Amino acid sequence: MPAVYDFVHQVDAAEIDELGHVGNLRYLAWIVDAATAHSSAEGWPPARYHELGACWVVRSHAIEYLRPAFAGEAIVVRTWVAEIRRVESRRRYRILRPADGALLATAETRWIWVGVPSLQPRRIPPEVAGAFTAIDDPGDDAPAAAGRPPTGS
């Protein structure tokens with residue numbers, strides 16, 4: 001499967017804040033949803049991680065908001081794994097509006113592989129690390145695996 005994944009989402013009116021555009025926390029939810037969908041598409045849904053007695057937890061998020069999104073718009077969260085190390089993975093994102101090609105936001109998340117229930121960092125198993133191809137920056141023309149179709153949430 002391609003190393004780049006496109007998570008497609010239709011902005012719902014419930015995601016709009018008091019300023020009339022998508023609230024900042026929704027962007028955060030979209031990047032987590034995109035990471036989970038990409039992992040599932042690579043054969044690693046959350047339940048499979050739990051079978052190993054471990055899971056990913058967020059160490060940090062960094063988001064730069066560039067343009068607003070509005071109700072009814074289709075957006076794409078393009079995501080890829082930028083780096084996989086002993087217990088950590090860095091994932092990057094570009095949030096795009098296909099209708100006009102606008103880049104709405106960029107983001108990066110540091111994920112830590114931890115044991116459950118201890119939540120102590122563990123070495124990422126080879127079968128998990130091997131499911132993802134790390135690329136620093138795919139460029140705008142990189143082929144992407146298709147995400148789910150637009151939904152209302």
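Every number in this text was worked out from the coordinates using simple rules, so none of it is lab data. For clarity, every value in this text was computed on a predicted model and none was experimentally measured. Here the Cβ is made from the backbone with ideal geometry for all residues, glycine too, and neighbour counts use every protein chain on show.
Filter the trypsin sites (Lys or Arg not before Pro) in segment 7-114 to those in DSSP coil with at most 15 other Cβ atoms within 10 Å of their Cβ, and list the result. Listed in order of number, the matching sites are Arg85, Arg86.
When the helices of the chain are scored as -39500 (n - 2.57) per DSSP H run of n ≥ 4 and the total is divided over every residue, the value at 222 nm lands at -5000 deg cm²/dmol. Mark the label point 7 Å from the Cα of Asp100 along Cα→Cβ and return the residues of segment 46-69 whose backbone N is within less than 14 Å of it. Backbone N within reach: 66-69. Helix 24-41 and the long axis of the chain differ in direction by around 50°, with both axes built from C-alpha atoms.
Starting from segment 41-113, pick out the chymotrypsin sites (Phe, Trp or Tyr not before Pro) whose DSSP state is loop and whose Cβ has at most 14 other Cβ atoms within 10 Å.
On the way: sites: Tyr49, Trp56, Tyr65, Phe70, Trp80, Tyr93, Trp111, Trp113; in loops: Phe70.
Those that pass, being in a loop and sparsely packed, are Phe70.
Can you compute the FRET efficiency between Val116 and Arg86 using 1/(1 + (r/R0)^6), with r the Cβ-Cβ distance and R0 = 22 Å? Round to the nearest 0.05. Write out the running numbers ahead of the final one.
Working: r = 18 Å, r/R0 = 0.84.
For R0 = 22 Å, the calculated efficiency reads 0.75.
Give me the percent relative contact order of the chain, please, defined on Cα pairs under 8 angstrom at least 6 residues apart. Reported as a whole number, the value is 35 percent. Net charge dipole, the chain: roughly 600 debye, given to the nearest 20, about the Cα centre with Cβ charges of +1 for Lys and Arg and -1 for Asp and Glu. Kindly provide log₁₀ I(q)/I(0) values, in the same order as q = 0.13, 0.27, 0.29 Å⁻¹, from the Debye equation applied to equal alpha-carbon scatterers of segment 1-68. Rounded to two decimals, the profile gives -0.49, -1.25, -1.32. Model label sites at Ile63 and Leu19, defined 7 Å from Cα along the beta-carbon direction, differ in position by 1.2 nm. The label-point distance for His50 and Gln10, in a model that sets each label 7 Å from Cα toward Cβ, rounds to 2.9 nm.
Counting neighbouring Cβ atoms within 10 Å and putting the fewest first, the residues Leu119, Leu19 line up as Leu19, Leu119.
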